[in-house]
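None of the figures in this text is laboratory data; all of them are computed from the coordinates on show. From a predicted model like this one, the values you see are computed outputs, not experimental measurements. Please note: Cβ atoms are built from the backbone with ideal geometry, for glycine as well, and neighbour counts cover all protein chains shown.
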Amino acid sequence: MQWNWEQIGAAALDFIIKYGGKLLLCLIIFIIGRIILKFLLKITNVAIKKTTVSEQAIKFVQAIIKVAFYIFIALAVLSIFGVPTTQFVALFSAVGLALSLAIKETLANFAQGVIMMFSKPFQIGDYIEANGVEGTVKKIELVYTRLITPDNKNIMIPNGELTSAKIINYSAEPVRRLDLTFSIGYDDNIDEAKQLIKTIVSNHPLALKDPEPFFGVLEQGPSSIDITSRVWVKTENYWNLHFDLQEQIKKCFDEHNINIPYQQMDIHILDKKAN
């Protein structure tokens, strides 16, 4: 097979004359668009980082900008070559509507995930309680949030459920108040028991001195006097202090013969025959 180079050259020249200007215009639009895109991404990155949104939210916004840019470029190129873009817009709309109806629950969770990225009710590493479960936040995705329970269970919670649930974030603040109640018998000395509790708390290295701890009689119960202690502690030391105080105060009460009473009930038996 012999190539007719004259015909090929003529065809190439005709193609350049016919489409060269349009191709050059497309190239210019693409280059200018890339410059604008890079500028927009830089501005968006700087602006969003001044807020408190997560890194995932920044990446998500930048991804949306990139997708919108490439769709715009594609439509511009098609328009330059005379392809009617209204049909593509209608096609995209129909496909989008069909997808939204098919996966509306997933889209709802997705939308709530986006909202959570900006509102930031919790962060990775926080210990939270929500929707009847609790655990440490391992990963925040666009559809699900992953928790690890204290016994190492992996829980996936849809973001739609999280945003409508009451969320307790135990890690949000640097310090927490530890409230403990210790019961003593009615025959025991209240002042002595309070002083013993106060001494143990004051000498514990994890108990904060400011705010100052509080000690007082909480209740005169059916079978005991209940003394409460309210101690401030760093959040990461909460459970260590909890376990230590429970153990140390029990041992201290035993050494000083202060009773921790059991619940009791007085039963009166009436002898009807004697009447």
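Of all strands (runs of 3 or more DSSP E) completely enclosed by the range 116-169, which ones contain at least 3 residues that are of a type outside the set (Gly, Ala, Ser) and more than 18 Å from THR235 (Cβ to Cβ)? Can you show your working first?
Numbers: elements: 127-130, 133-140, 144-148, 154-158, 167-169.
Counting at least 3 such residues, we get 133-140, 144-148, 154-158.
Scanning the range 211-264 for residues that are part of a loop (DSSP other than H, G, I, E, B), without any contact (Cβ under 8 Å) to a residue 12 or more places away in the chain and either over 30 Å from ASN169 (Cβ atoms) or touching a helix residue (DSSP H, G or I) at 6+ places or on another chain (Cβ under 9 Å) (or both) yields a total of 1. With respect to (1) part of a strand (DSSP E or B); (2) under 22 Å from LYS120 (Cβ atoms); (3) out of contact with any Phe, Trp or Tyr (no Cβ under 7 Å at 6 or more places or on another chain), the lone exception for GLU173 is condition (1).
When GLU212 is tested against (1) surrounded by 18 or more Cβ atoms within 10 Å (Cβ to Cβ); (2) under 36 Å from the mean Cα position of the chain (by Cα), exactly one condition is not met: (1). Selection over the range 139-154 of residues that are exposed (fewer than 14 other Cβ atoms within 10 Å of the Cβ) and under 12 Å from ASP126 (Cα atoms) gives a count of 2.
What's the total number of residues in the range 150-183 that are more than 19 Å from PHE243 (Cα to Cα) and not acidic (Asp, Glu)? It would help to see each step written out before you state the result.
Let us first name the residues in the range 150-183 that are more than 19 Å from PHE243 (Cα to Cα), namely 152-169, 172-174.
From what's left, not acidic (Asp, Glu): 152-160, 162-169, 172, 174.
The number of residues fulfilling the criteria is 19.
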